[in-house]
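Working notes for the structure below.
The values are calculated or read from the model by the stated rules, or taken from the named source; none is laboratory data. All of these numbers come straight from a predicted model, not from anything done at the bench. Quick reminder, even Gly has a Cβ in these numbers, built from the backbone with ideal geometry, and neighbours come from all protein chains shown. Heads up: the accessible areas ignore ligands, DNA and RNA and are worked out on the full protein's heavy atoms, side chains in. Shrake-Rupley method; radii C 1.70, N 1.55, O 1.52, S 1.80 Å.
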Amino acid sequence: MIKIAPSILSADFARLGEEIDSVRAGGADWLHFDVMDGLFVPNISVGIPVLKSVRSYTDMFLDVHLMIDRPGRYVSAFSKAGADLICIHLEADTPEGIHAALREIRSLGRKSGLALKPGTPWDAALPFAEETDMFLVMTVEPGFGGQHLMTETLPKITALREAGFGGLIEADGGIDEAHLPELIRLGLDVAVMGTALFHHPDPARLMAEIRTMSE
Ligand code: DX5
Ligand code: ZN
């Protein structure tokens, strides 16, 4: 069964607790938490204090997507703030820096994730497979919610699977209900949904429909 991870980037931050309650009641599996530093991506979102508040509000699995430069500098702070999974970007540091950060995430007792921008080839991820619990295939350029999914990124899901990666594969960016049948067919484990879910008139009904597709 595919997991749905609502991206709170599309939530109303003034009513964040209610928004979390609503997607949780609707059956969301994880909560996706986007962190942007204005350097690795041309936008700034939320960070450690907001994560701490969310952690104290909910026991949902917190999937923290760090779109920040040299993420190894901050993995321990995000772990302490309550992340369950910390996903860093392959393009955000040297290979040595990425290896070290992935190892540190695991040593802190968290799940590790490695994200690939649309232009990064899937096989660039393979040297990190042993240290990574989840690969995140970005289906838009990271930085903003509400973009269109780039279908040319989807073959990476199949390629990673066929290369024998046994961990989870997540896709993020521009996913709406129309893409779900294809993503399920490709064997995707986790679908991040921001705009399509939070701006839907009935998020609970949408998640129920997705669960039915995935059965
Ligand atoms: C984009 C973020 C996504 C974004 C997804 O950089 O990583 O998680 O919030 O939102 P939608 O589903 O609107 O593309
Ligand atoms: Zn994200």
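Just a few scattered comments:
- Scanning segment 187-215 for residues that are farther than 19 Å from GLY26 by Cβ and crowded, with 20+ Cβ neighbours inside 10 Å yields a single hit, LEU188.
- Some residue of segment 4-12 being outside any helix (DSSP H, G or I) and away from ligand 1 (no atom under 13 Å from the Cβ): yes
- For segment 29-47, a residue qualifies if it is surrounded by fewer than 16 Cβ atoms within 10 Å (Cβ to Cβ) and either away from ligand 2 (no atom under 16 Å from the Cβ) or within 14 Å of GLY113 (Cα to Cα) (or both), and exactly one does: LEU39.
- Selection of segment 161-186 for residues being surrounded by fewer than 19 Cβ atoms within 10 Å (Cβ to Cβ) and within 16 Å of the chain's Cα centre (by Cα) yields GLY167, LEU168, ASP176.
- Top-ranked residue in segment 135-150 [being hydrophobic (A, V, I, L, M, F, W, C), under 15 Å from ALA191 (Cα atoms) and open to solvent by 10 Å² or more (accessible area, probe 1.4 Å); ranked as nearest to ligand 1 (Cβ to nearest atom)]: LEU149
- Single residue of THR132, THR153 found to be within 16 Å of ligand 2 (Cβ to nearest atom), surrounded by 19 or more Cβ atoms within 10 Å (Cβ to Cβ) and polar (S, T, N, Q): THR153
- Contact map, segment 185-201: residues that are among the small types (Gly, Ala, Ser) paired with residues that are in a strand (DSSP E or B) and open to solvent by 30 Å² or more (accessible area, probe 1.4 Å), Cβ distance under 8 Å, separation 6+ or inter-chain. Pairs shown: ALA191/LYS3.
- Of all residues in segment 175-184, those satisfying the criterion of being within 14 Å of ligand 1 (Cβ to nearest atom), without any contact (Cβ under 8 Å) to a residue 60 or more places away in the chain and either of a type in the set (A, V, I, L, M, F, W, C) or in contact with a helix residue (DSSP H, G or I) (Cβ under 8 Å, 6 or more places away or on another chain) (or both) are ILE175, ASP176, GLU177, ALA178.
- The set of residues in segment 78-102 that are open to solvent by less than 20 Å² (accessible area, probe 1.4 Å) and aliphatic (A, V, I, L, M) comprises ALA81, ALA83, LEU85, ILE86, ILE88, ALA92, ILE98, ALA101, LEU102.
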